[in-house]
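Worksheet for the structure shown next.
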């Protein structure tokens, strides 16, 4: 059965459009696998995907912009924040009201705030919660727009986090 899975994956990779490979990596995406294997189409992409998955380099690369995962990568930082906020909206809002929590600190990391500023980030979102979440119909996109604005004007976080990048995306 495992052999059939590999063959099926390899066959599906051959059907991808050429534009998938234009960013400097193959169908397996960016990460260590794209550096080692490259963008050669075919079975090699199965090995690239396995390398990315087992090393965790793709996730880190997307977050940090390394490992062949720049703005040309799978998704840029702004898009990653959007997806994260949308997927974790309910728990994120609860943690924002409390000023702390795993999802909130992950969001701070997606703004490239260093770990030592995560508590300041939590404190700020707790204080500005009513501006960030105006009502129960506030969408994740609206929340991020308000958060971008608050971060840009925060004296400490505007300097320690990569706000210029997020405000432009």
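The values are calculated or read from the model by the stated rules, or taken from the named source; none is laboratory data. Note that the structure is a prediction, hence the values are computed from the model and not measured. Cβ sites come from the backbone with ideal geometry, for glycine too, and all protein chains shown count toward neighbours.
Just so you know, in segment 134-163 the residues that are over 19 Å from the mean Cα position of the chain (by Cα) and outside any helix (DSSP H, G or I) include one that is surrounded by the most Cβ atoms within 10 Å (Cβ to Cβ), and it is 154. All told, residue 109 meets the bar of being surrounded by 15 or more Cβ atoms within 10 Å (Cβ to Cβ), at pLDDT below 90 and under 19 Å from residue 77 (Cβ atoms).
Quick check on segment 135-158. Is at least one of its residues at pLDDT below 90 and farther than 19 Å from residue 30 by Cβ? Give the derivation first.
First, pick out the residues of segment 135-158 that are at pLDDT below 90: 136.
Right, trim to farther than 19 Å from residue 30 by Cβ and you get 136.
Yes, the conditions are met somewhere in segment 135-158.
Among the residues making up segment 113-133, a single one is closer than 19 Å to residue 87 by Cα and assigned to a loop (DSSP other than H, G, I, E, B): 133.
Could you please tell me which pairs satisfy a Cβ distance under 9 Å, a separation of 6+ or placement on different chains, a first residue in segment 97-120 that is at positive phi, and a second residue that is at pLDDT below 90 and not in a loop (DSSP other than H, G, I, E, B)? Sorted first by the residue in segment 97-120, then by its partner, the pairs are 112/63; 112/64; 112/77; 112/163; 112/165; 112/166. When segment 90-103 is filtered for residues that are assigned to a helix (DSSP H, G or I) and under 21 Å from residue 123 (Cβ atoms), the ones remaining, listed by number, are 91, 92, 93, 94, 95, 96, 97, 98, 102, 103.
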